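These notes concern the structure reproduced below.
Just so you know, all these numbers are worked out from the coordinates, no wet-lab data involved. Predicted model, so just to flag it, every value in this text is computed and none were measured. Every residue, glycine among them, receives a Cβ derived from its backbone with ideal geometry; neighbour counts consider all protein chains shown.
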Amino acid sequence: MNSIDSLCINSLRVVGAEMITKAKSGHPGIVLGAAPIVHTLFTRHININAQDDKWYNRDRFILSAGHGSTLLYMMLHLSGVSLTMDDLKNLRQKDSMTPGHPEYRHTKGVEISTGPLGQGIASAVGFAIAESYLAAKFNQPGLSVIDNNTFVLCGDGDLQEGIAMEAMSLAGHLGLNKLIILHDSNDIQLDGEVSFATSDNLKAKFEAMGFNYIKVEDGNDIDSVDEAISTAKNSSDKPTFIEIKTIIGYGAPNSGESSIHGKPMSQDDIKELRKNLEYNYPELEFANEVKEFYKKNVTERGISACNEWNHLLRTYEKKYPEEYAELMKFVYDDFEIDSVDDIPTWKVGEAESTRKEMGKILDWLSTKLPNIMGGSADLTASTMVKGADGIYGKDNPLGRNIKFGVREHAMAAITNGITLYGGMRGFCAGFFVFSDYLKPAVRLAAIMGLPSVFLFSHDTVCVGEDGPTHQPVEQLTMFRSMPNTNVIRPADAKEMTGAMLHAFKKDNTYPTVITSSRQGLPNLEETSAEGVSKGAYVAYKAAKDSKYAFVTCGSELSLCLEVAKKLKADGINVDVISMPSIYLFEKQSDEYKKSILKDSQKRMAVEMGSSLGWYKYASYVKGIDTFGKSMPISKIFDEYGFTVDEIYNEFKENLM
Ligand SMILES: Cc1ncc(C[n+]2csc(CCOP(=O)(O)OP(=O)(O)O)c2C)c(N)n1
Ligand SMILES: [Mg+2]
């Protein structure tokens, strides 16, 4: 190895370990072991622009092993993208720019929040899908304006996660040749040897999944790492998995042991590390030679790659002005629905399931928004959710309908990756009960403030015959309790229209979860698409000063309206509040909230799901707090007492 490369790598090792020791918290093992991989990738391959961290055609670097954040932070500092030396010294401290795991939107240059293992690999597949779609859409002979790689650094733990396997299986199937996964293969994980838990033949496994497999026997041999990456970049039809053998905690007294994985080194151990690496530079500093090397080989190389791209773009603009104008809409994420004149509408009184309405509105949205892409987890026939322009794949990279297969968790993380790419908006769908399978990816979307859209059908026990395993009960409460997550449960077509328009609005800084019914629901006079954007509104006013109100949403709105009208006939005035989105309602002014939830009213909440969340809005809740039962839907309403008579009686017994 060249002496300057060697100095750079040892600086990353020592400064990284010192940052962690200073923080009294962090993961030195991966920093010491994988420093040569990251150094090689950044100084010889990655094209990023320190002057514009959002440069559209930059290579994307996904640190799936988020516990290696220190490595990423040092790269962002040395490449000049962001982060000062003081930021590095503030690792893991309150309000620092260098939190424990990388956080999207918090630290400039971080492409995605990572930490929950496996998620990064899966989202990287979404990045690669977005890239290939845009490349197919815009590139012209000799003018590859979209041409970036998606690099992933993962550990052994990432590869034990189901989500990573779901996603890699799909990536291999799709032949995403711009996806390159670098595996920090150190045979050690938190609790000890990887062999305690895994004995996979990685070569056979990943080749069978449709990947190229390359092995680098010694991660310290950076020319071999470099060559492997170059080979991967030249792959024309397959993603590449590079297994790079490293030694966890390289240079530390306890290198090769799991004890170095996540425990800061003592000062004595740091001394020994420095001795073993023959490293004598001052503490927590990068030598000028190192800074210069990164400036030349990452910063300046990146800027010149970006300049070349800008040059290419000027030619593109001249030759293909229309395509250029369209491309700029992606670059600036500038898609908005200009008119809803031809949006599907439904007549009052007409009954249809809200899932069918969701599907039809989505099809319409796809005609308006060329940047939306997604699909279902093998349930299009049930969810009615599909992307436009045919099935996305090797033969049709312009297809916007992704057949995810039964891979819910990867589906949701891939959806996030598509959204994170920039300019694109991912959506996906499944049965609501199986949202359990993808919740961690929605949670990450919420943490990142991503506007990914998660669409679900079969939102209550009204699934019926399939029984308790298929009947959601607690899922609404689960998602509603998730911070920064907009859960909308529309009651009919008008509310579904409002929900879908809201979900795909430009500039949302939260994910949207929309649930829909399996069964047909009447389209109501009383509903309002605009009301959805306020979260809740009074759908039925029994009298000017009604003493009571129902708070409800989804399929139970029509039921409550009937009950309220029956009570009205008895001279009892009960308003009906439709509350499709608690999240949006909570964002309204106190004045608005008070105008909907009047202090003078006693309220009963009605929803075919867990009652837990509704006590904030009602003194009595009619919910379902048991698992469901297999039976025809016609019997379900009686079984759980979701009938006009039962609700009428319960209201009288409990509120009056
Ligand atoms: C989903 C998930 N489960 C558990 C963890 C906690 N965790 C972080 S790193 C790690 C060990 C992973 O081993 P490996 O990827 O080999 O990392 P190395 O020890 O080699 O750095 C564990 C269990 C996590 N971050 N995410
Ligand atoms: Mg490991």
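Backbone amide hydrogens, once placed in the peptide plane, bring Ser64 within less than 5 Å of Leu153, excluding anything fewer than 5 places away on its chain. Kindly identify region 351-522 as rounded, prolate or oblate by the Cα gyration tensor criterion: order the square roots of the eigenvalues as a ≥ b ≥ c, call it rounded if a/c is under 1.5, otherwise compare a/b with b/c, prolate if a/b is larger, else oblate. Rounded, since a/c falls under 1.5.
Neighbours of Gly118, meaning other residues whose beta-carbon lies under 11 angstrom from its beta-carbon, give a summed charge of -3 when Lys and Arg score +1 and Asp and Glu score -1. Here the convex hull built on the C-alpha positions of region 442-513 has a volume of 81 cubic angstrom per residue. The calculated pair-distance distribution of region 536-655 uses every alpha carbon pair, bins of 10 angstrom beginning at 0, and gives 14, 48, 30, 8, 1 percent.
Counting Lys and Arg as +1 and Asp and Glu as -1 over every other residue whose Cβ lies under 13 Å from the Cβ of Gly349, the net charge comes to -3. Ignoring lysines fewer than eight residues from Lys245 along the same chain, the ones with Cα atoms less than 21 angstrom from its Cα are Lys203, Lys205, Lys215, Lys233. The alpha-carbon positions of the chain define a convex hull whose volume is 160 Å³ per residue.
Just to be sure I understand: of the beta bridges DSSP finds with both ends in region 453-576, what percent are antiparallel, rounded to 5? Expressed as a percentage, antiparallel bridges in region 453-576 total about 10. Based on the alpha-carbon gyration tensor of region 71-221 and its eigenvalue square roots a ≥ b ≥ c, which shape applies: rounded if a/c is under 1.5, prolate if not and a/b is larger than b/c, or oblate? Oblate, since a/c reaches 1.5 and b/c is not below a/b. Which percent of Cα-Cα pairs in region 6-102 sits in each 10 Å bin, short to long? Computed distribution, short to long bins: 16, 51, 29, 3. For region 59-76, the Karplus equation 6.51 cos²θ - 1.76 cosθ + 1.60, evaluated at θ = phi - 60°, returns couplings of 5, 9, 10, 10, 8, 5, 7, x, 5, x, 3, 4, 4, 5, 4, 5, 5, 5 Hz by residue, with Gly and Pro reported as x. Taking other Cβ atoms within 10 Å as a rough exposure proxy, Leu170, Leu379 sort from fewest to most as Leu379, Leu170.
Considering the options Pro321, Ile402, Met604, tell which one lies farthest towards the positive end of the dipole of the chain, charges being +1 on Lys and Arg and -1 on Asp and Glu at the Cβ, about the Cα centre. Of Pro321, Ile402, Met604, it is Met604.
Between the amide H of Ile488 and those of Val513, Ile514, Thr515, distances stay under 5 Å, these residues lying 5 or more places away or on another chain, with hydrogens modeled in the peptide plane. Among the DSSP beta bridges whose two residues both lie in the chain, what percent are antiparallel, rounded to the nearest 5? Here the antiparallel bridges make up roughly 15 percent for the chain. Between 0 and 90 degrees, the angle of helix 301-319 with respect to the longest Cα principal axis of the chain falls at about 60 degrees. In summary, the lysines within cross-link reach of Lys329, defined as a Cα separation below 18 angstrom excluding same-chain residues under 8 places away, comprise Lys54, Lys137, Lys318, Lys319, Lys368, Lys505, Lys506. For region 63-121 versus region 280-338, the inter-centroid distance based on Cα atoms is 20 Å. Each Lys or Arg adds one and each Asp or Glu subtracts one; over the other residues with Cβ under 13 Å from the Cβ of Ala50, this totals +4. Phi angles across region 285-296 convert, under the Karplus curve 6.51 cos²θ - 1.76 cosθ + 1.60 with θ = phi - 60°, into 3J(HN,Hα) values of 8, 9, 5, 4, 4, 5, 4, 4, 4, 5, 4, 6 Hz, Gly and Pro given as x. As a size descriptor, the averaged projected area of the C-alpha convex hull of region 3-305 was calculated at 14.4 nm². Placing unit charges on the Cβ atoms only, positive for Lys and Arg and negative for Asp and Glu, gives region 3-305 a dipole magnitude near 760 debye about its Cα centre.
From least to most packed, judged by other beta carbons within 10 angstrom and beginning with the fewest, Asp459, Asp575 follow the order Asp575, Asp459. Karplus-derived 3J(HN,Hα) values for region 528-538, using 6.51 cos²θ - 1.76 cosθ + 1.60 with θ = phi - 60°, are 8, 5, 5, x, 4, 5, 9, x, 8, 7, 7 Hz; glycine and proline are entered as x. With respect to the chain, whose longest principal axis is taken over its alpha-carbon atoms, helix 408-421 is tilted by about 70°. Compared with the dominant Cα axis of the chain, that is its longest principal axis, helix 3-23 is turned about 50°. In this Cβ point-charge picture (+1 for Lys and Arg, -1 for Asp and Glu), the chain has a dipole of about 1180 debye about its Cα centre.
Each Lys and Arg adds +1 at its Cβ and each Asp and Glu adds -1 at its Cβ; summed about the Cα centre, region 536-655 shows a dipole of about 340 debye. Within region 304-432, DSSP assigns beta bridges of which about 10% are antiparallel (rounded to the nearest 5). Think of the chain as having a plus end and a minus end, set by charges on the Cβ of Lys, Arg, Asp and Glu; of Ala388, Ser132, Gly33, Ala388 sits farthest toward the positive end of this dipole. Put +1 on the Cβ of every Lys and Arg and -1 on every Asp and Glu Cβ in region 216-373; which of Ile222, Asn297, Phe330 then has its Cα farthest towards the positive end of the dipole? Selected residue: Phe330.
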